[in-house]
Amino acid sequence: MILISIFLSFLLSNIFGYGGGPASIPLMYEEIVNRYNWLSNAEFSNMLALGNALPGPIATKIAAYVGFGIGGWWGFIVALAATVIPSAAALIFLANIMSKHRDSKIVKGMALLVQPVIAALMIILTFEMLQDSYISLGWIQTAAIAVISFALLQKFKVHPAIVIILAFAYGGIVVPHLS
């Protein structure tokens, strides 16, 4: 029964997550944290941060991590299959349609209208992770990490993976000593 739940959770998240990993993350969050309680909010945040530091698509890394943690190797395989199948099928199907109608205003309009929905879902996810950070660290550390990260990314053009690793190091070295 758990394999069916894993399959359906990742299948639906990836079917409705138009636009790839960033669009499917809030849907996966809803299934993984809120619906099935496979991970806590903090565990999901940590997994997402680590997954973003690694190369490759984020959706498959989330599926692999959660699938293996919940259902072992079979859960790993089922979660990855459920994540990859919708994208592969949609890619083949939509590539044919898009090539036939690439100049259509309707097709261009539909693609543009999905972007605000994805942005709203990402804002909601960010807000939920900020709440978790506030609960764990307080506003001062949360704001300091956000400001330093923003400066490193924007002003100094540091690669995002390095910023994530620095945040992990801070969380693993400094935060336990503050408790």
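The values are calculated or read from the model by the stated rules, or taken from the named source; none is laboratory data. Computed from a predicted structure; not experimentally measured. With ideal geometry, Cβ positions are generated from the backbone for all residues, glycine too; neighbour counts draw on all protein chains shown. These accessible areas exclude ligands, DNA and RNA; they are computed on the full protein's heavy atoms, side chains included. Shrake-Rupley method; radii C 1.70, N 1.55, O 1.52, S 1.80 Å.
Listed values, structure above:
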read-out	value
Distance in nm between pseudo-label sites at residue 16 and residue 156 (7 Å out along the Cβ direction from Cα)	4.1
For the chain, built as a Gaussian network whose Cα springs stay under 10 Å, the top-fluctuating residue of 97, 62, 77	97
Among 60, 83, 142: highest mean-square fluctuation, GNM of the chain, C-alpha pairs under 10 Å	142
Computed helical MRE - 222 nm, the chain, DSSP H runs ≥ 4 contributing -39500 (n - 2.57), nearest 500	-28000 deg cm²/dmol
Accessible area (Å², 1.4 Å probe, nearest 10) - residue 7	70
Approximate spin-label separation residue 147-residue 167, in nm, with each point projected 7 Å along Cα-to-Cβ	1.7
Gyration tensor (alpha-carbon) shape descriptor, the range 35-77, a/c threshold 1.5	oblate
By accessible area with a 1.4 Å probe, ligands and nucleic acids excluded, highest first: order of 43, 31, 128	43, 128, 31
Computed E for residue 85/residue 1 - FRET, C-beta separation, R0 30 angstrom, nearest 0.05	0.90
Distance (nanometres) between label positions extended 7 Å along Cα→Cβ at residue 177 and residue 123	3.9
Computed FRET value (nearest 0.05) for residue 92 with residue 50, which takes r as the C-beta separation and R₀ as 25 Å	0.20
Shape call, the range 1-90: gyration tensor on alpha carbons, a/c limit 1.5	rounded
Whole-percent carbon and sulfur share, accessible surface of the chain, 1.4 Å	74
The chain, accessible area per residue, ligands and nucleic acids excluded (1.4 Å, Å²)	64
